[in-house]
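The values are calculated or read from the model by the stated rules, or taken from the named source; none is laboratory data. All figures in this text were calculated on a predicted structure; none of them were measured in a lab. Cβ placement follows ideal geometry from the backbone for every residue including glycine, while neighbour counts extend to all protein chains displayed. Accessible surface areas use protein heavy atoms only, side chains included; no ligands, DNA or RNA. Shrake-Rupley method; radii C 1.70, N 1.55, O 1.52, S 1.80 Å.
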Amino acid sequence: MRTSKLLLLFIAILLAISSSANAGGVCPQDRKTKAGPVNIVGTDQTAGANLEHGKALYEKDAKPMACKVCHGDAGDGTGKAGASLTPAPLNFTCKETTKGISPGQLFYTIKEGSVGTGMTAFGKTLSDKDIWDVVKYIQATFMK
């Protein structure tokens, strides 16, 4: 099953690279991501998180792919692979869309993915600490 998910992700990237249209940058966005469990959504472990490590994961080191491939260099949902996704990747810079998203919800979504979107689960390839580092980077850089 994991191989088929990676194959679909690879195909989405190839389609995005060959496409000139980009669906990202939308603000506000209608989001239907499932809310995480209260005990996770209500947590915030970004105080001890490493901002530079989060940046490295966002920009290039996260596996199976870096966050920026879909969410873009500017965090606005305009990454190359994001162009082929429906709905478009979350635009972290849109305050109207992100105002109710807690650090714990970001953590949960990165770890578990989001059904019905292109957001794959990173919980098998990133540790919880890695995910908190990414959450800290996203919040400090794009959601300020």
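In the stretch 72-94, which residue that is touching a residue at least 40 places away in the same chain (Cβ under 8 Å) and closer than 13 Å to T141 by Cα is surrounded by the most Cβ atoms within 10 Å (Cβ to Cβ)?
Filtering the stretch 72-94 down to residues touching a residue at least 40 places away in the same chain (Cβ under 8 Å) leaves 72, 74-94.
Narrowing further to those that are closer than 13 Å to T141 by Cα: 72, 74-76, 91-94.
On the way: G72: 24, A74: 16, G75: 23, D76: 21, N91: 26, F92: 23, T93: 20, C94: 19.
Result: N91.
Got at least one residue in the stretch 128-137 being among the basic types (K, R) and surrounded by fewer than 20 Cβ atoms within 10 Å (Cβ to Cβ)?
yes
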Checked against (1) surrounded by fewer than 23 Cβ atoms within 10 Å (Cβ to Cβ); (2) assigned to a loop (DSSP other than H, G, I, E, B); (3) at pLDDT 95 or above, K55 satisfies every condition except (2)
G25 fails exactly one of (1) modelled with pLDDT of 95 or more; (2) open to solvent by less than 50 Å² (accessible area, probe 1.4 Å), namely (1)
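When only residues in the stretch 74-121 that are β-branched (V, I, T) and in a helix (DSSP H, G or I) count, which is nearest to I40 (Cα to Cα)? It would help to see each step written out before you state the result.
Going through the stretch 74-121, the residues β-branched (V, I, T) turn out to be 78, 86, 93, 97-98, 101, 109-110, 115, 117, 120.
Going one step further and asking which of them are in a helix (DSSP H, G or I), we end up with 97-98, 109-110.
Working: T97: 20, T98: 17, T109: 10, I110: 12 Å.
Out of the qualifying residues, it is T109.
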inquiry  = Condition check: surrounded by fewer than 18 Cβ atoms within 10 Å (Cβ to Cβ) and assigned to a helix (DSSP H, G or I). Does K124 satisfy that?
reply    = no
